[in-house]
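**Q** Below are the structure tokens for one structure; questions will follow.
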Amino acid sequence: MSAPPDTRRSAGAALSAEDVSYAVGLARLLEDVSLEVRGGSLLGLIGPNGAGKTTLLKCLSRLLAPDAGQVRLDGRDLSRQSPQEIARRIALLPQSATLDFAFTCLEVVLMGRNPHLGRFQAEGARDRAIARQSLAETGTEEFAARVITELSAGERQRVLLARALTQQPRLLLLDEPTAGLDVQHQLQVFGLIRGLVRQGLAAIAVVHDLNLAARYCDRLALLHRGKAHARGTVADVLTPENLAHVFNVEATVAHDPALGAPRVTVLAPLDGGVESGGGTPAGAETPGGQAPDR
Amino acid sequence: MSVLRRTLDVQAPLALRLALALGLLTLLLVLSFVVTMAFGAVDVPLGVTASIVAQRLGLPIGAAASDVHWSVISHVRLPRALTAALVGAALALAGATMQGVFRNPLADPGIIGVSAGGALGAVIAIHFGLRSLHYLATPALAFLGALGAVMLVYLLAAARGVDPLMTMILAGVAVQAFIGAVISAALTLTADVNAMREIVFWLTGSLGARSWTHVQLILPFIVIGSLLLLCFGRDLNLMALGEDTARSMGVDVRRVRLIMLTLAALITAVAVAVSGIIGFVGLVVPHMVRLVVGPDHRLVLPTSLLTGAVLLTWADFGSRLLLRPQELRVGLITAFFGAPFFLYLLYRQRRAGTIL
């Protein structure tokens, strides 16, 4: 018997973006955004709709070429590397992966090997072993032979995460990985991502839910109209002032001893806008009417 | 049968599944060739047919055949069967490519206006009597028309940036409708009854009286175009996960799309040029193939190609024999059997819960 194929993942890489700008016509979607993430760390990108989170993620993965600024992975400028080279080190899980053909989950996960294969090279034993390992890591082994279009949203998202892991990336980019999932699956997917980061992977995730961001991310970058309004630890970024400025809501932030993380409670939308942060909201209509209950 | 199923199973290595599927289909194609060529206005014994084909292809095996048999097979039926196989292969491969690139199960080679453009070229050749100048005038103009329509659709799609794929489908629909109107006008204005008959005939595709010249004309285009297309199976698989995902895995999606659509348009244009419009092969064959080999395009593309060749060989056989000695148009045969079969596939897949 030959030795089992080597399926180990290499350690996380350090990504740094400096003054990244991106515009479409006159719309400046990103302006001088800088950020960095290292192996073993999860950076959350938060911000309101249209703040530029997805655009930033695409610039970081080189799906979009920034108009100005640089993105470096382990010090090497991404703009000087081929898409295939980048794909061997950065994996992206886009927000809505549509699936049109009845591929089995194993077939989908094996596709992650593409950046490592030559044009006419089929997947070998090692590629299969890596795919199997990714399925195991995401708890989706039982779905290997199932057709992916038949899975539930939560199951499918875990399989797609396994596909990204099969690229053996050193940096994982996730665009709202729990969008459309119920509470249980949200926690499951973030738990998985957290586990991968603990093993040394670097990860950047666009997170819509501020409390999920507070609970699972090591650091946060708060985007506002294409600019990084705040960057730093969760406690530094999630302040009532920042939330008022960027999201235009009145919110409180308290430490939740059960989670060991800050908890954001949004009380009401602010009418006046930026300057009135912290003031009494007009027509205090609390979302759900029961904001302070947990 | 169970060995076959296990080998074709998704879990088996790709090379094994590919070798088995291609081996079986090649055997089927060769058998179909010999059997369909043996029958016609003059029936030729199977063994004699096989040895004439072998000798014609340069293999000195089998006994010498009578002059009648030799000329019927060598000069009439073999070039016709080769044309049928090449056209069927091109249409089916182009259909599988279009369905993969557009990620739309209803796409077929006609969707971006290739067939309509070819028809327009042919109608011009017939209407203005160019075919009497040279017998290849009709295929030549059909080819130019097919390429012209595709270029028009490209330009329309490129002008609007948002979703080029959807724009291409819509532009294809518009171009087809426009060309349809022009053809109707030509039919109305043509006083020459023979030309009118010829136009109507051309619109339902035929492989009658195809010579070695036709084979030589289309062979290099279809062989080279097909071989190039077969190189992009894995890219097509990745593109099924969406443009962003495919690009993040290193696929240059826009370039692959452009190359594949150009090649598919080219082989369709060549096929349309010599056969007229033969429907349903490009639409139905990839669906049939996926039922057996699954969705992996590295298998779907080559097996579609061979299945299309086999299918059109038999469709042409039917067109020659069903109403013997009268000949039916092969486009009628493919539509007559293809449409109900496609409905059956839809019904089956609906019940199975997946569209593809």
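The values are calculated or read from the model by the stated rules, or taken from the named source; none is laboratory data. Fair warning: this is a prediction, and the values are worked out from it, not measured in the lab. All Cβ positions, even for glycine, are placed from backbone atoms using ideal geometry, and neighbour counts span all protein chains on display.
**Q** In the list A:127, A:100, which residue meets the criterion of being in a helix (DSSP H, G or I), surrounded by fewer than 23 Cβ atoms within 10 Å (Cβ to Cβ) and charged (D, E, K, R)?
**A** Exactly one residue qualifies, and that residue is A:127.
**Q** Which is more than 10 Å from chain A (Cβ to nearest Cβ), without any contact (Cβ under 8 Å) to a residue 24 or more places away in the chain, within 30 Å of residue A:103 (Cα to Cα) and of a type outside the set (Ser, Thr, Tyr), of B:241, B:229, B:258, B:263?
**A** Of the residues listed, the single one that is more than 10 Å from chain A (Cβ to nearest Cβ), without any contact (Cβ under 8 Å) to a residue 24 or more places away in the chain, within 30 Å of residue A:103 (Cα to Cα) and of a type outside the set (Ser, Thr, Tyr) is B:258.
**Q** Could you count how many residues in the stretch B:263-284 are more than 12 Å from residue B:98 (Cβ to Cβ) and either of a type in the set (Lys, Arg) or not in a loop (DSSP other than H, G, I, E, B) (or both)?
**A** 10
**Q** Is it the case that some residue within the stretch A:156-164 is small (Gly, Ala, Ser), touching a helix residue (DSSP H, G or I) at 6+ places or on another chain (Cβ under 7 Å) and either away from chain B (no Cβ under 11 Å) or touching a residue at least 60 places away in the same chain (Cβ under 8 Å) (or both)?
**A** The answer is yes, given that some residue of the stretch A:156-164 is small (Gly, Ala, Ser), touching a helix residue (DSSP H, G or I) at 6+ places or on another chain (Cβ under 7 Å) and either away from chain B (no Cβ under 11 Å) or touching a residue at least 60 places away in the same chain (Cβ under 8 Å) (or both).
**Q** Further question on the same structure: Scan the stretch B:296-319 and report the pairs whose first residue is touching a residue at least 40 places away in the same chain (Cβ under 8 Å) and whose second residue is surrounded by fewer than 24 Cβ atoms within 10 Å (Cβ to Cβ) and among the aromatic types (Phe, Trp, Tyr), with Cβ atoms within less than 9 Å and a gap of 6+ or a chain change.
**A** B:296/A:103; B:297/B:232; B:301/B:232; B:313/B:33; B:315/B:337; B:317/B:39
**Q** When you look at residue B:249, is it surrounded by 20 or more Cβ atoms within 10 Å (Cβ to Cβ) and modelled with pLDDT of 90 or more, yes or no?
**A** So residue B:249 passes the test.
**Q** If you don't mind, another one. Every residue in the stretch A:97-107 that is in contact (Cβ under 8 Å) with a residue 40 or more places away in the chain and more than 7 Å from chain B (Cβ to nearest Cβ), please.
**A** Across the stretch A:97-107, the qualifying residue is only A:105.
**Q** So, residue B:300, is that one surrounded by 24 or more Cβ atoms within 10 Å (Cβ to Cβ) and within 14 Å of chain A (Cβ to nearest Cβ) or not?
**A** For residue B:300, the condition - surrounded by 24 or more Cβ atoms within 10 Å (Cβ to Cβ) and within 14 Å of chain A (Cβ to nearest Cβ) - is met.
**Q** A further question follows. Residues in the stretch A:45-71 that are under 30 Å from residue A:249 (Cβ atoms) and among the aliphatic types (A, V, I, L, M): how many?
**A** 7
**Q** OK, next. Can you tell me which of A:100, A:67, A:127 is of a type in the set (Asp, Glu) and in contact with a strand residue (DSSP E or B) (Cβ under 6 Å, 6 or more places away or on another chain)?
**A** Exactly one residue qualifies, and that residue is A:67.
**Q** If I filter the stretch A:115-127 down to residues being without any contact (Cβ under 8 Å) to a residue 60 or more places away in the chain, more than 9 Å from every other protein chain (Cβ to nearest Cβ) and closer than 16 Å to residue A:165 by Cβ, which single residue comes out as farthest from the chain's Cα centre (by Cα)?
**A** If we take residues in the stretch A:115-127 being without any contact (Cβ under 8 Å) to a residue 60 or more places away in the chain, more than 9 Å from every other protein chain (Cβ to nearest Cβ) and closer than 16 Å to residue A:165 by Cβ, then A:127 is farthest from the chain's Cα centre (by Cα).
**Q** Going residue by residue through the stretch A:170-187, is there one that turns out to be touching a residue at least 24 places away in the same chain (Cβ under 8 Å), in a helix (DSSP H, G or I) and buried (at least 17 other Cβ atoms within 10 Å of the Cβ)?
**A** Looking for residues that are touching a residue at least 24 places away in the same chain (Cβ under 8 Å), in a helix (DSSP H, G or I) and buried (at least 17 other Cβ atoms within 10 Å of the Cβ), one finds at least one in the stretch A:170-187, hence yes.
**Q** While we're on this one: Answer yes if at least one residue in the stretch A:56-78 is away from every other protein chain (no Cβ under 13 Å), crowded, with 20+ Cβ neighbours inside 10 Å, within 28 Å of residue A:158 (Cα to Cα) and under 15 Å from the mean Cα position of the chain (by Cα), and no otherwise.
**A** yes
**Q** Hey, another quick one. Write out, first by first residue and then by second, each pair whose Cβ atoms fall under 7 Å of each other, whose residues are 6+ apart or on separate chains, and whose first residue, in the stretch B:93-118, is within 14 Å of another protein chain (Cβ to nearest Cβ) while the second is in a helix (DSSP H, G or I) and hydroxyl-bearing (Ser, Thr, Tyr).
**A** Cβ pairs passing all conditions: B:96/B:304.
**Q** If a residue counts only when it is within 18 Å of the chain's Cα centre (by Cα) and within 30 Å of residue B:299 (Cα to Cα), which helices (runs of 4 or more DSSP H) contained entirely in the stretch B:157-237 have at least 1 such residues?
**A** Hits in the stretch B:157-237: B:212-230.
**Q** Somewhere in the stretch A:80-89, is a residue outside any strand (DSSP E or B), at pLDDT below 95, within 21 Å of residue B:250 (Cβ to Cβ) and more than 14 Å from chain B (Cβ to nearest Cβ)?
**A** So far as the stretch A:80-89 goes, yes, one or more of its residues are outside any strand (DSSP E or B), at pLDDT below 95, within 21 Å of residue B:250 (Cβ to Cβ) and more than 14 Å from chain B (Cβ to nearest Cβ).
**Q** Looking at (1) modelled with pLDDT under 95; (2) closer than 22 Å to residue A:215 by Cα; (3) among the aliphatic types (A, V, I, L, M), find the lone condition where residue A:45 falls short.
**A** Every condition holds for residue A:45 apart from (1).
**Q** Could you give every pair whose Cβ atoms fall below 9 Å, whose first residue belongs to the stretch A:258-272 and is in contact (Cβ under 8 Å) with a residue 12 or more places away in the chain, and whose second residue is among the basic types (Lys, Arg) and surrounded by 17 or more Cβ atoms within 10 Å (Cβ to Cβ), counting only separations of at least 6 or pairs across chains?
**A** Cβ pairs passing all conditions: A:259/A:215; A:261/A:215; A:262/A:215; A:263/A:215.
**Q** So residue A:149 fits all but one of (1) part of a loop (DSSP other than H, G, I, E, B); (2) out of contact with any His (no Cβ under 9 Å at 6 or more places or on another chain); what number is the exception?
**A** (1)
**Q** Whether any residue in the stretch A:13-21 is among the polar types (S, T, N, Q), touching a residue at least 24 places away in the same chain (Cβ under 8 Å) and in contact with a Pro (Cβ under 8 Å, 6 or more places away or on another chain) is what I want to check.
**A** Yes, there is a match, as at least one residue in the stretch A:13-21 is among the polar types (S, T, N, Q), touching a residue at least 24 places away in the same chain (Cβ under 8 Å) and in contact with a Pro (Cβ under 8 Å, 6 or more places away or on another chain).
**Q** Could you check the stretch A:35-68 and list, in sequence order, the residues that are in a loop (DSSP other than H, G, I, E, B), closer than 24 Å to residue A:242 by Cβ and charged (D, E, K, R)?
**A** Result: A:38, single match.
**Q** Testing residue A:49 on (1) more than 11 Å from chain B (Cβ to nearest Cβ); (2) within 30 Å of residue A:143 (Cβ to Cβ), one condition comes back false. Which one is that?
**A** All conditions pass for residue A:49, except number (2).
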